1. Tell me whether the range 25-74 comes out rounded, prolate or oblate; compute the Cα gyration tensor, take square roots of the eigenvalues as a ≥ b ≥ c, and use a/c under 1.5 as the rounded threshold.
2. In square angstrom, what is the accessible area per residue of the range 43-176 with a 1.4 angstrom probe?
3. According to the square roots a ≥ b ≥ c of the eigenvalues of the Cα gyration tensor, what is the shape class of the range 154-213, taking rounded for a/c under 1.5, prolate for a/b larger than b/c otherwise, and oblate for the remainder?
4. Got a sec? What order do D174, D187 fall in by accessible area at 1.4 Å, biggest, i.e. largest, first?
5. Can you give me the % of accessible surface on the chain that is carbon or sulfur? Probe 1.4 Å, all protein chains present, nothing else counted.
6. In whole Å, what is the distance between the alpha-carbon centres of the range 18-40 and the range 202-222?
7. If you average the C-alpha positions of the range 96-160 and of the range 42-77 separately, how far apart do those two centres end up, in angstrom?
8. Compute, for the range 94-222, the length of the dipole vector about the Cα centre, with Cβ point charges of +1 (Lys, Arg) and -1 (Asp, Glu) only. Units Debye, rounded to 20.
Amino acid sequence: MTFRRASDNWLWIAAALSLALSLTRWGAFVLYPFMLFTTWVHECGHAVMTLLVGGHVHSIVIERNAAGVTRSLIPQGRIAQGLVASAGYLGASVVGCALMTAARRKRSAHAILWTIGAFMLVTLVIWMRNPFGIAVVLVWSVALVVLSRQGSGPLSWFVLSLLAVQVALDSVYDIRVLFLVHGGYSDAETMSRLFVLPSWVWASVWMVMSVGLLTWTLLRTR
């Protein structure tokens, strides 16, 4: 019970800090590294799903404006391409909610941080191709691996909680951009070309699913 109260406190502190920072004029600057982390999660969602449907990932690029592009060879079937297109936003939502759940498990923070950092190093070697993206992934991976060596202390809990909150909220918040994009390239536009329905429909579906998953996670881990 003591651990559960402590982990709940860190989650609430991380959520309150994220909200407070987002309301300040310099909040975007402070939270910028976490936006880049969420972009990495988003693009890895595309990449992992590409492998699952039998495709091949050529590269991942992360830009300074926190945009990302995953270049890959995907099987011709609409279902496979639709799964890959949906895996970015929904994958980030799943990862964010999984981190929120994991942040409440006793003595798991350091192991989770180490695993994320190690996986980031793997993606750095096999997928990252632009200098900025390489720098982002390298800094985050080293920081998480070093932090994981601190054990399951308060700092590890807090960082894991902050990552969980940021990824979970960003995965929902970022979908709003899709309602403003008409034409051009986006995951929702890709779904529109594949399945006829307009892009705003797919954006709405992803939004509902992400909000539902976040709500379910909060209820399960309250």
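The values are calculated or read from the model by the stated rules, or taken from the named source; none is laboratory data. Treat the numbers as computed from the prediction; the structure is a model and nothing was measured. Ideal geometry is used to build each Cβ from the backbone, glycine not excepted, and the neighbour counts take in all protein chains shown. These accessible areas exclude ligands, DNA and RNA; they are computed on the full protein's heavy atoms, side chains included. Shrake-Rupley method; radii C 1.70, N 1.55, O 1.52, S 1.80 Å.
1. Numbers: a/c = 5.24, a/b = 2.82, b/c = 1.86.
Prolate, since a/c reaches 1.5 and a/b exceeds b/c.
2. Values: 6120 Å² over 134 residues.
For the range 43-176, the per-residue accessible area is 46 Å².
3. On the way: a/c = 3.68, a/b = 2.75, b/c = 1.34.
Taking the square roots of the gyration eigenvalues as a ≥ b ≥ c, the range 154-213 is prolate.
4. Details: D174 60, D187 20 Å².
Ranking D174, D187 by accessible area, largest first, yields D174, D187.
5. Values: 8140 of 11690 Å².
Summing carbon and sulfur atoms, their accessible area is 70 percent of the total for the chain.
6. What the calculation gives is 21 Å, centre to centre.
7. 20 Å
8. Details: 10 positive and 4 negative charges, 123 e Å.
So the dipole magnitude of the range 94-222 works out to roughly 580 debye.
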